[in-house]
Amino acid sequence: MGWREEQAFFDRLADSWDAMERPETLARLTDIITGLGLSSGARVLDVGCGTGVLFALLRSCIGDQGLLIGLDVSRRMLGYAVARGGADVCIQADAEHPPLCDRMFDWIICNAVLPHFTDKAATLRALRRCLAPHGTLVICHANSREMINAIHRQAGGAVADDRLPDPATMAAFLLQSGLFPVHTLDGIDRYVVIARPMIAR
């Protein structure tokens, strides 16, 4: 779907979004994020931050000296994110055209958002531009790829065709975008891909 349709879809869900989060899913998400090794003072971009479900967790990792920016297309989702607190700035924007500086972030986290990118390779290229040379991009879901894709099929409408790609396809998207996958977990209860910028020789 295009970003305007995406914005309208998630605006409609904003009021009930947090109520749909399940404790076991949040526990897996905590396990994923804490296992990344984010350090105090790191600069982090939370892409598709929604209502800010990751903010407290990310802030606990990077501390007060770190920089945390949330980005989402949904104004209503961001309203809840701002009210939740924890981020330094929340920005309403399409991830394919992020209004951010080159090489700005040590970490870019894409939690539960990649299926909704209309042009995945183009969006990953745009995010790659914002990633520091030593930085890391993380794509994660606290459910299996099969479950995520089934949820979208069953939901229908604007997200009916939004798919989380299999590892080989995901690797191709990353390589097209100047990113090299260093870890992939296509598991029974989570999906995690970690990638870093390819270095020109």
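Of the residues THR51, THR34, the one with the largest accessible area comes first in the ranking THR34, THR51, computed with a 1.4 Å probe on protein heavy atoms.
The mean accessible area for residues of segment 66-201, using a 1.4 Å probe and ignoring ligands and nucleic acids, is 45 Å² per residue. Put simply, the Cα atoms of the chain extend 45, 37, 31 Å along their principal axes, the longest span coming first.
Amide H contacts of ASN111: VAL47, CYS140, each under 5 Å away and 5 or more positions distant or on a separate chain (H built 1.01 Å from N in the peptide plane; Pro and chain starts excluded). Remark: spin-label model distance ILE199-PHE180 equals 0.8 nm, labels positioned 7 Å along the Cα→Cβ axis.
Only Cα pairs under 8 Å and 6+ residues apart enter the sum, and on that basis the relative contact order of the chain stands at 19 percent. Sorting ASP162, ASP88 by solvent-accessible area of protein heavy atoms yields ASP88, ASP162, largest first, with a 1.4 Å probe.
Close amide H pairs (under 5 Å, H built 1.01 Å from N) link CYS90 with GLY70, residues at least 5 positions away or on another chain. Counting only DSSP beta bridges with both residues in the chain, the antiparallel share comes to about 40 percent. Of the accessible area of the chain, computed with a 1.4 Å probe over protein heavy atoms only, carbon and sulfur atoms account for 54 percent.
Scaled against 2.2 N^0.38 Å for its residue count N, the alpha carbon radius of gyration of segment 77-193 is 1.09.
The values are calculated or read from the model by the stated rules, or taken from the named source; none is laboratory data. Here the structure is a predicted model, which is why all the values come from computation and not from measurement. Cβ coordinates were reconstructed from backbone atoms using ideal geometry, including for glycine residues, and neighbour counts include every protein chain displayed. Ligands, DNA and RNA are excluded from the accessible area calculation, which covers all protein heavy atoms including side chains. Shrake-Rupley method; radii C 1.70, N 1.55, O 1.52, S 1.80 Å.
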